[in-house]
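I have placed the structure first, in the form of structure tokens, so that the comments after it can refer back to it.
What follows is calculated from the coordinates using simple rules that are stated; it is not laboratory data. Note that the structure is predicted; figures quoted are calculated from it, not measured. Because the Cβ atoms are built from the backbone with ideal geometry, glycine has one as well, and the counts that use them run over all protein chains shown.
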Amino acid sequence: MAEPLLAIENLRTYFHTTAGVARAVDGLSLAVAPGETVGIVGESGCGKSVTALSILRLIAPPGRIESGSHIRFEGRDLLALDDRGMRAIRGNRIAMVFQEPMTALNPVFTVGDQVAEVARIHAGASRAAAWTQAVAMLDRVGIPAPDERAHEYPHQLSGGMRQRVMIAMALMMKPALLIADEPTTALDVTIQAQILELLAELQTQYGMSVLLITHDFGVVAETASRVVVMYGGEAVEQAPVSALFAHPHHPYTRGLLAAMPRLGAGRDRLQTIPGTVPAPTDWPAGCRFRDRCASAWDRCEREHPPLYELSAVQVSRCHLAAEPGRRAAGDAAPAHRVTA
Amino acid sequence: MTTPTRTAAAPLLEVRDLTKHFPRRRALFGPPPTPVRAVDGVSFVIMPGETLGLVGESGCGKTTTGRAILRLVEPTSGSVRFDGHDVLALRGADLRRLRRHMQIVFQDPFSSLNPRMTIGAIVREGLTIHRLAEGDAADRRVKQLLDEVGLRPEYASRYPHEFSGGQRQRVGIARALSVEPSFIVCDEPVSALDVSVQAQVINLLADLRRDRGLAYLFIAHDLAVVEHIADRVAVMYLGHIVELATSRDLYREPLMPYTQALLSAVPVPDPTASRERIILQGDVPSPANPPHGCVFHPRCQHPARDMACTRLVPPLEEKAPGHFVACIKQTPTTVSWAQQQDVGATHPPERYLPVAALHTTSRRPTPP
């Protein structure tokens with residue numbers, strides 16, 4: 001593999017609250033190669049969004065990126081940069097698209113101003129030049145009549161259009177890495193299809209890497225080349241997308257895939273994962289998934305599982321890799337129900 | 001035994017031409033604004049024990065439809081008959097009595113439970129109001145209900161903030177069940193939940209339906225979720241039902257171009273699957289100013305779309321037994337070619353079913 005564009009090593013982001021220390025991200029390592037799309041999948045509270053914010057160092061107290069964490073990007077350790085150095089990277093080399101475009105955009109500035117601001121700050125462009133670039137970028141992301149729309153305020157645009165504005169802002173400086181945190185979750189399914197298509201098209205054109213954070217395995221299957229599944233602040237499984245869907249190993253990955261309602265499955269009863277995610281202040285000792293796992297045995301309580309290498313490309317944080325005979329019948333691989 | 005077949009086939013809920021227009025504030029000067037036509041002439045029936053799925057994107061009117069049936073918003077016009085009663089004619093105590101039989105489970109399990117009441121008190125409230133049980137009998141009933149929805153009976157003394165989203169949704173379901181309804185409007189009951197918990201709640205709703213013979217109006221934007229629970233499905237767009245069919249027919253052979261686009265837009269969790277995709281252009285128009293003719297025509301991908309679609313309002317007509325579609329270009333249609341030509345049609349109706357965009361083909365070998 002080529003030198004990764006982004007390499008996260010042992011990232012730990014803790015929130016020191018009065019209720020205890022919430023270990024939101026707890027020892028995460030992952031790499032993104034140039035031009036690659038990596039998906040991070042998991043449910044609420046698994047640490048996926050905190051991972052994104054940590055990369056951009058947008059963690060505010062009581063949150064803290066603990067010492068011993070490393071985030072290397074284009075050969076530099078982001079955690080060692082001063083604020084000025086970090087500002088030169090944020091929105092320039094690494095850009096982010098947030099889930100909720102209404103709260104991420106400033107309601108009192110026109111969208112044109114907000115997109116143009118990026119060029120003025122990072123490229124020192126003049127007001128007029130930045131505006132021209134902004135309009136061209138709005139056009140590029142498929143906003144109709146961009147020279148008129150640039151004069152409008154966020155509330156005058158639909159959710160899909162606002163997300164296009166967010167993408168225009170993010171791509172103004174042609175970043176090497178785009179972090180997209182649930183970019184289509186707030187959108188309707190037909191608009192989601194438009195936005196995903198736009199992102200794929202722009203990625204090819206600009207040759208950028210994308211770190212896509214989502215809870216939707218469907219979105220991952222269609223856009224990412226590699227997937228990291230997170231649970232309890234940790235990566236529990238990591239593999240190329242085809243391997244992960246063909247032979248998921250971790251009981252949590254399998255459970256999630258089986259619990260997803262799929263089109264064309266008719267009225268089958270859904271498989272469920274019992275229980276709920278434990279609180280981040282209170283991860284269970286040993287395996288963090290064991291209370292909800294059909295296969296768990298005493299080793300899972302005693303010993304925190306390492307990431308076992310299943311193959312050159314797939315890792316799983318589950319003792320079943322060492323003792324495959326322990327897999328319970330209830331932890332069967334999800335049946336692949338595909339319409340003919 | 002005078003009319004046995006008739007009684008057997010009597011619908012539980014009958015909604016006819018339901019309309020809800022929300023007025024907009026008049027500007028200081030200028031003409032009076034047009035109202036927002038949130039629901040614009042919706043008709044359907046639900047049989048006892050049946051689940052009708054109501055799907056569509058934000059702003060299509062699906063939630064307003066559910067609320068108008070229960071008169072949580074007052075319909076502008078139309079009729080709603082429930083178990084033989086004219087719901088819209090009832091007032092005061094009569095309406096309250098009827099509401100015992102028609103309940104709702106809300107989307108947001110955070111704002112739909114009073115944070116100052118224990119969950120026991122929340123579930124008990126309906127029992128008291130409808131005088132179904134009191135004292136120890138009510139306590140026992142509350143515990144039974146909590147048990148039935150998968151919560152520990154001793155949770156009755158806890159407050160909503162102590163529970164996760166999925167557990168709160170179970171409380172909302174227990175509250176709806178407490179008054180023994182025969183019909184529940186489920187308004188996006190699982191959209192706020194994570195996948196693993198969502199499956200638990202869907203299965204719970206399916207079990208309750210089986211055990212209690214409940215009928216549901218299941219409102220959702222997630223087509224895969226609806227397929228798992230509904231017997232029949234209605235698709236809404238801009239205040240209109242544009243397609244209504246059994247689940248099986250709707251998912252296998254959607255005939256309304258909008259339904260086709262909606263189904264084809266759902267991402268498939270299978271990286272080996274190949275499927276063409278219909279990408280609709282633009283956004284949903286404003287319900288304050290809906291397009292003339294067919295409300296979907298500005299975004300429609302039907303190859304025969306022409307001037308007639310912009311002029312004629314398509315009737316919701318039966319294209320196949322039990323399969324209703326509002327499209328004058330999808331054969332067969334009662335809107336004759338001559339009528340269409342009168343308003344400038346250039347493309348005769350034809351059967352359009354983009355199979356490659358609707359069904360995935362997997363290259364995956366069968367798993368060992």
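Quick notes
- Two-site FRET efficiency, B:Ala338 against B:Ser58, from Cβ-Cβ distance with R₀ of 35 Å, rounded to 0.05: 0.35
- Only Lys, Arg, Asp and Glu carry charge here, each on its Cβ (+1 for the first two, -1 for the last two); on that basis the protein assembly as shown has a dipole of about 840 debye about its Cα centre.
- Net +/- balance of residues flanking A:Glu323 in space, Cβ distance below 12 Å, scoring K and R +1, D and E -1: +1
- Span-rule helices in chain A, defined as complete DSSP H runs reaching 15 Å or more along the axis (Cα) with Kyte mean at least -0.5: A:111-123, A:127-140, A:159-171, A:189-206
- Stretch gain in nm, segment A:Ser126-A:Asp147, where the contour uses 0.36 nm per residue and the Cα spacing is subtracted: 5.8 nm
- √(5λ) per eigenvalue of the Cα gyration tensor, the stretch B:92-185, largest first, Å: 20, 16, 11
- Ranked list, fewest to most other Cβ atoms within 10 Å of each Cβ, for A:Trp131, A:Trp297: A:Trp297, A:Trp131
- Report summary: the helix-based calculation at 222 nm, which adds -39500 (n - 2.57) for every DSSP H run with n ≥ 4 and divides by the residues of chain A, gives -9000 deg cm²/dmol.
- Gyration tensor over the Cα atoms of the stretch B:39-146: the corresponding equivalent ellipsoid has semi-axes (square roots of 5 times the eigenvalues, largest first) of 29, 18, 13 Å.
- For the pair B:Asp86 and B:Asp136, label points projected 7 Å from Cα toward Cβ lie 4.7 nm apart.
- The protein assembly as shown: C-alpha gyration tensor shape, a/c 1.5 cut-off, then a/b vs b/c: oblate
- Near-label residues of the stretch B:300-329 by backbone N, under 18 Å of a point 7 Å along Cα→Cβ of B:Thr346: B:300-312, B:329
- Binned Cα-Cα distances of chain A, short to long, each 20 Å bin given as a whole percent: 29, 56, 15, 0
- With the charge dipole of the stretch B:1-81 set up from +1 on Lys and Arg Cβ and -1 on Asp and Glu Cβ about the Cα centre, the Cα lying farthest toward the positive end among the listed residues B:Thr51, B:Val73, B:Ala10 is that of B:Val73.
- The mean number of Cβ atoms from other chains found within 10 Å of a Cβ in peptide A:186-197 is 6, as a whole number.
- Among B:Tyr258, B:Tyr216, the ranking by other beta carbons within 10 Å of each residue's beta carbon, starting with the fewest, stands as B:Tyr216, B:Tyr258.
- For B:Lys319, the lysines whose Cα comes closer than 16 Å to its Cα, not counting residues fewer than 8 places off in the same chain, are B:Lys329.
- Unit charges on C-beta of K, R, D, E only; dipole of the stretch A:229-340, Debye: 420 debye
- With K and R counted +1 and D and E -1, the other residues having a Cβ less than 10 Å from that of A:Val189 yield a net charge of -3.
- Using distinct alpha-carbon pairs, which all enter the 1/r mean, Kirkwood radius of the stretch A:133-198 in Å: 12.3 Å
- Between 0 and 90°, nearest 10: helix B:165-177 axis offset from chain B longest Cα axis: 80 degrees
- The lysines within cross-link reach of A:Lys48, meaning a Cα-to-Cα straight distance under 27 Å and a gap of 8 or more places when in the same chain, are A:Lys174.
- As a rough guide to protection, the peptides B:81-87, A:83-89 ranked by mean Cβ packing within 10 Å, highest first, stand as B:81-87, A:83-89.
- Relative contact order (%) - criterion: Cα under 8 Å, at least six apart; region: the stretch A:51-157: 22 percent
- Most positive-pole-ward Cα, A:Gly218, B:Val39, A:Pro280, against dipole of the protein assembly as shown from beta carbon charges: B:Val39
- Each Lys and Arg contributes +1 and each Asp and Glu -1, all at the Cβ; summed about the Cα centre of the stretch A:142-264, the dipole is approximately 200 debye.
- Dipole of the protein assembly as shown [Lys/Arg +1, Asp/Glu -1 at C-beta], most positive-end residue of B:Val355, A:His151, A:Gln203: A:His151
- Legend: calculated FRET efficiency, A:Asp82 to A:Ala200, from the Cβ-Cβ distance at R0 = 35 Å, rounded to 0.05, equals 0.50.
- Take every DSSP beta bridge whose two residues both sit in chain B; close to 60 percent of them are antiparallel.
- Principal axis extents of the Cα atoms in the stretch A:203-274, from largest to smallest and rounded to whole angstrom, are 44, 30, 19.
- Ordering of A:217-225, B:227-235, B:46-54 by packing [mean C-beta count within 10 Å, highest first]: B:227-235, A:217-225, B:46-54
- Sequence-distant residues sharing a close amide H with A:Gln314 (under 5 Å, placed H): none
- Based on the Kirkwood approach, the hydrodynamic radius assigned to the stretch B:178-233 is 11.7 Å, with every pair of different Cα atoms included.
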